[in-house]
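Asks: Sharing a structure with you now.
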């Protein structure tokens, strides 16, 4: 069956699903990406800095959507390693929201600041015909900045909950594997720890 069986599994899948829904909705619907596309003029795509915000949003959307699907699979097959890998993935995805690494400039900075810097550059610059890259009457960063911070906070809170649940799921999955194999107490105590 493709649904979780125990309350711990439901909690684990529920946290990852809620995290994915919240972050994807913040990244797309009238918050970051849609507001950005309304804010910029079509001439902005002449410069590479215009792609920073859409790519950062796409990475977040794909990664947290993938993690929600992966959590259902890891609970379905009761795989301890996959549950812990899920926690490591969540930590990495949380870092990817908070950090943006690019090799061309050999610098590491917060994605928040990268997107903010790209936004400032897009709002100041114009093309060779003096057409501005963005509609400066719209306060884009005043809307997108707090939403980006909210994404980081949601991801961090879910990371803590997922790691706590992973410990209990580890215990539950260990017992579910060995409960039908041996009734020996030594075997049980060895695999339940």
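The values are calculated or read from the model by the stated rules, or taken from the named source; none is laboratory data. Computed from a predicted model, the values in this text were never measured in an experiment. Using ideal geometry, Cβ is built from the backbone for each residue, glycine included, and neighbour counts are taken over all protein chains shown.
Asks: Need at least 1 residues that are surrounded by fewer than 14 Cβ atoms within 10 Å (Cβ to Cβ), in contact with a helix residue (DSSP H, G or I) (Cβ under 7 Å, 6 or more places away or on another chain) and at pLDDT 80 or above per element, so show me which helices (runs of 4 or more DSSP H) inside segment 1-110 make the cut, counting only ones lying wholly within it.
Replies: The helices (runs of 4 or more DSSP H) meeting that bar are 33-39.
Asks: Ok, one more. What single numbered condition from (1) touching a strand residue (DSSP E or B) at 6+ places or on another chain (Cβ under 8 Å); (2) within 29 Å of residue 21 (Cα to Cα); (3) modelled with pLDDT of 85 or more fails to hold for residue 123?
Replies: For residue 123, the exception is condition (2).
Asks: Could you tell me whether segment 26-48 includes any residue that is under 28 Å from residue 116 (Cβ atoms) and under 12 Å from the mean Cα position of the chain (by Cα)?
Replies: Taking every residue of segment 26-48 in turn, at least one turns out to be under 28 Å from residue 116 (Cβ atoms) and under 12 Å from the mean Cα position of the chain (by Cα).
Asks: Looking at this structure, is residue 187 farther than 25 Å from residue 62 by Cα and either surrounded by 12 or more Cβ atoms within 10 Å (Cβ to Cβ) or at pLDDT 70 or above (or both)?
Replies: Against the criterion (farther than 25 Å from residue 62 by Cα and either surrounded by 12 or more Cβ atoms within 10 Å (Cβ to Cβ) or at pLDDT 70 or above (or both)), residue 187 qualifies.
Asks: Scanning for something at pLDDT below 80 and part of a loop (DSSP other than H, G, I, E, B), does segment 139-162 turn up at least one residue?
Replies: No, segment 139-162 contains no residue that is at pLDDT below 80 and part of a loop (DSSP other than H, G, I, E, B).
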